[in-house]
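So the structure is just underneath, and the comments pick up after that.
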Amino acid sequence: MRATLLQHIEVPLAWQDWMEAHGLDTSASRFGPGFNLYSLIIRAAVSGFGVGIVPTCLVEDELQAGTLVEPLKDRFDSPLGYYLCAPTARTNLSVYRLVAGWLEHCCNHAEGAAAPAATPCIFCNPQASAAG
């Protein structure tokens with residue numbers, strides 16, 4: 001609770017959400033500088049300026065190298081998400097469908113789900129697209 005809390009300016013409620021999820025009061029918190037990039041929050045944390053909330057995938061190398069530590073054992077699952085947006089007239093373009101399919105594939109694999117065996121996966125096996 002004595003640490004300076006580094007903030008992402010485009011996710012202004014991240015610390016409040018985190019503290020509420022852990023049953024903590026935000027009134028005594030020391031909110032520090034705000035950054036517009038997670039990479040800047042990470043650099044500030046590595047330099048000792050405070051602690052930040054960042055996606056785990058962005059700090060895996062720093063955690064393995066020991067330049068950063070997870071101060072708490074439980075991780076916070078943010079209620080926020082990422083969205084693929086495009087004008088309705090462009091959603092039928094093949095490039096949009098390809099990117100949307102790739103993102104859906106990555107999200108499913110991140111959740112531990114495997115691609116259906118009946119359908120060859122062009123993302124895991126690029127040769128499947130040549131065959132089909």
So which residues in the range 1-47 are touching a residue at least 12 places away in the same chain (Cβ under 8 Å) and part of a helix (DSSP H, G or I), if there are any at all? ALA14, TRP15, ASP17, TRP18, ALA21, TYR38, SER39, ILE41, ILE42, ALA44, ALA45, VAL46
Are there any helices (runs of 4 or more DSSP H) wholly within the range 48-132 with 2 or more residues that are modelled with pLDDT of 85 or more and either of a type in the set (S, T, N, Q) or under 22 Å from MET1 (Cα atoms) (or both), and if so which? 60-65
If you check every pair at least six apart or on different chains, which have Cβ atoms under 7 Å apart with a residue in the range 80-104 that is free of Cβ contacts under 8 Å to residues at least 24 places away in the same chain first and a residue that is outside any helix (DSSP H, G or I) and surrounded by 10 or more Cβ atoms within 10 Å (Cβ to Cβ) second? TYR96/ALA86; VAL99/LEU84; ALA100/LEU84; TRP102/PHE123; LEU103/LEU84
Within the range 4-30, restricting attention to residues that are surrounded by 14 or more Cβ atoms within 10 Å (Cβ to Cβ) and more than 17 Å from SER78 (Cβ to Cβ), which residue is farthest from the chain's Cα centre (by Cα)? SER29
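The values are calculated or read from the model by the stated rules, or taken from the named source; none is laboratory data. No experiment lies behind these values; they were computed from the predicted model shown. Methodologically, a virtual Cβ is constructed for each residue, glycine included, from the backbone with ideal geometry; neighbour enumeration extends over all protein chains shown.
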